[in-house]
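A.B. asks: The structure follows.
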Amino acid sequence: MTVHSLLSHPAAPSDQVAILLPEGAPTGAGQVLADLLLAANEVIPEAQFRVTIQPLSQVQHPSRDDPRRAMSIFLGDIRARWRVSRQDRAALQVLLQRSGQPVLVGGAVFLLREAGMFDKQALAVHSNFAAAAEEEALHATETGAPYHLGDPVHSAVSPLAALRLLQELIGRTYGAFMADALGEYVGLDAGDSRLQSKVTLDILHRAGGDSLIRQSLSLMQQNMEEPLSICELAREQGVSTRKLQRRFRERTGGGPQTAYRLLRIERAHQLLTHTSLNLYEIVAATGFGTRSNLSRWFHKQLGVSPQMVRRRAYSEMAPPCCTDGAAGLKRV
């Protein structure tokens, strides 16, 4: 169980996303887009993206009667137009028709000509393809924007611009605040790096981005080793303790003490997983005072001991030949 799973949310239907590549194209750019969508699953409680990456030629030819309406991202680059073979053209046409949100990136804009579809569709076209697009009567947007949200086809001039397009689409579905939070989490947008943790983003989501709660969380992150009292936290922000506690309960369903503790548990979990600090050092770094206090809250919130988290982390890092021995490591 992860720290993020401490807070439950209503289930949402999964969003299937197919990232489709030209034949022989490397999967790296597709993985970058997939990473953004999978990060959305971590920071947006309702998001459940399921992502596949494969060449268009390897996609099983979909039935025209298939009721699913997944997002299909046709991921071209900025150097070559995407051409399809005759045998793949029928599959391309069906994918464009059945996809709830087809996205054309880079040289993939020419797929509309390959498929003979969407003649009047406005498109974001990279400057490398401007002359060819004009020659083939593709309708480039006049704004020069790096991406365009159209109906029914979305487009982006490059894989990097597609990241911004996906971020805006996520904002339309889950709200601008969560799209901004996702941008900060993955490094697309500048922001307070302390507010990029999963627990912080989850609390802010529940709070609707409330400024008092946001500032409180930032102060909590700045004071992990020697946690502030709730009175001190309120005084730092010029509000009463009662107002701070009431705002947290009204907006998040829990008090500031609970939020502070979850942040410290998250920090301890990170240190156990990604460093070799021993338990005494981690206790000092997270303000829990004693090993027994840290263990008690780990058991209560995560259902495991700090020692078990450390053993699992070292087991996962060990090479296959050493996995059995790793389970017995006692570096805590």
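A.B. asks: Which one of the conditions (1) crowded, with 20+ Cβ neighbours inside 10 Å; (2) at pLDDT below 90 does Ala162 fail to meet, given that it meets all the rest?
C.D. replies: The number of the failed condition is (2).
A.B. asks: In the stretch 96-109, is there at least one residue being charged (D, E, K, R), over 14 Å from Gly30 (Cβ atoms) and part of a loop (DSSP other than H, G, I, E, B)?
C.D. replies: Within the stretch 96-109 (the criterion being charged (D, E, K, R), over 14 Å from Gly30 (Cβ atoms) and part of a loop (DSSP other than H, G, I, E, B)), the answer is no, since none of the residues qualifies.
A.B. asks: Among the residues of the stretch 207-232, which ones are more than 14 Å from Leu263 (Cα to Cα), touching a residue at least 24 places away in the same chain (Cβ under 8 Å) and part of a helix (DSSP H, G or I)?
C.D. replies: Ala207, Leu212, Ile230
A.B. asks: Going residue by residue through the stretch 215-225, is there one that turns out to be acidic (Asp, Glu), more than 27 Å from Ser292 (Cα to Cα) and open to solvent by 20 Å² or more (accessible area, probe 1.4 Å)?
C.D. replies: Taking every residue of the stretch 215-225 in turn, none turns out to be acidic (Asp, Glu), more than 27 Å from Ser292 (Cα to Cα) and open to solvent by 20 Å² or more (accessible area, probe 1.4 Å).
A.B. asks: Would you mind finding the one in Leu212, Leu263 that is over 30 Å from Phe49 (Cα atoms) and of a type in the set (A, V, I, L, M)?
C.D. replies: Answer to the selection: Leu212.
A.B. asks: Can you find even one residue in the stretch 183-191 that is surrounded by fewer than 16 Cβ atoms within 10 Å (Cβ to Cβ), modelled with pLDDT under 90 and acidic (Asp, Glu)?
C.D. replies: Within the stretch 183-191 (the criterion being surrounded by fewer than 16 Cβ atoms within 10 Å (Cβ to Cβ), modelled with pLDDT under 90 and acidic (Asp, Glu)), the answer is yes, since at least one residue qualifies.
A.B. asks: Name the residue that is surrounded by the most Cβ atoms within 10 Å (Cβ to Cβ), counting only residues in the stretch 24-62 that are in contact (Cβ under 8 Å) with a residue 60 or more places away in the chain and part of a loop (DSSP other than H, G, I, E, B).
C.D. replies: Going through the qualifying residues, I end up with Ile44.
A.B. asks: Quickly run through the stretch 110-158 and pick out the residues that are aromatic (Phe, Trp, Tyr) and assigned to a loop (DSSP other than H, G, I, E, B).
C.D. replies: Listed by number, the list holds a single entry, Phe118.
A.B. asks: Here is a follow-up. Looking at the stretch 283-294, is at least one residue without any contact (Cβ under 8 Å) to a residue 40 or more places away in the chain, closer than 22 Å to Ile203 by Cα and part of a helix (DSSP H, G or I)?
C.D. replies: Yes, the stretch 283-294 contains a residue that is without any contact (Cβ under 8 Å) to a residue 40 or more places away in the chain, closer than 22 Å to Ile203 by Cα and part of a helix (DSSP H, G or I).
A.B. asks: Could you check Gly238 against (1) over 23 Å from Phe288 (Cβ atoms); (2) in contact (Cβ under 8 Å) with a residue 12 or more places away in the chain and say which number it fails?
C.D. replies: (2)
A.B. asks: Return only the number of the condition from (1) under 27 Å from Gln237 (Cα atoms); (2) touching a residue at least 60 places away in the same chain (Cβ under 8 Å) that Ile170 does not satisfy.
C.D. replies: (1)
A.B. asks: List the number of the failed condition for Gln245; all other conditions in (1) open to solvent by less than 10 Å² (accessible area, probe 1.4 Å); (2) in contact with a Pro (Cβ under 9 Å, 6 or more places away or on another chain) hold.
C.D. replies: The failed condition is (1).
A.B. asks: Looking for something without any contact (Cβ under 8 Å) to a residue 12 or more places away in the chain and either among the hydroxyl-bearing types (Ser, Thr, Tyr) or more than 26 Å from Pro45 (Cβ to Cβ) (or both) - is there at least one such residue anywhere in the stretch 262-274?
C.D. replies: no
A.B. asks: Across the stretch 295-307, what is the total count of residues that are without any contact (Cβ under 8 Å) to a residue 40 or more places away in the chain and either open to solvent by 10 Å² or more (accessible area, probe 1.4 Å) or in contact with a Lys or Arg (Cβ under 6 Å, 6 or more places away or on another chain) (or both)?
C.D. replies: Qualifying residue count for the region: 7.
A.B. asks: Based on this model, can you work out whether Glu266 counts as at pLDDT below 95, among the charged types (D, E, K, R) and either in a helix (DSSP H, G or I) or more than 30 Å from Tyr314 (Cβ to Cβ) (or both)?
C.D. replies: So Glu266 fits the description; yes.
The values are calculated or read from the model by the stated rules, or taken from the named source; none is laboratory data. Since the model is a prediction, treat every value here as computed from it, not as a measurement. Quick reminder, even Gly has a Cβ in these numbers, built from the backbone with ideal geometry, and neighbours come from all protein chains shown. Ligands, DNA and RNA are excluded from the accessible area calculation, which covers all protein heavy atoms including side chains. Shrake-Rupley method; radii C 1.70, N 1.55, O 1.52, S 1.80 Å.
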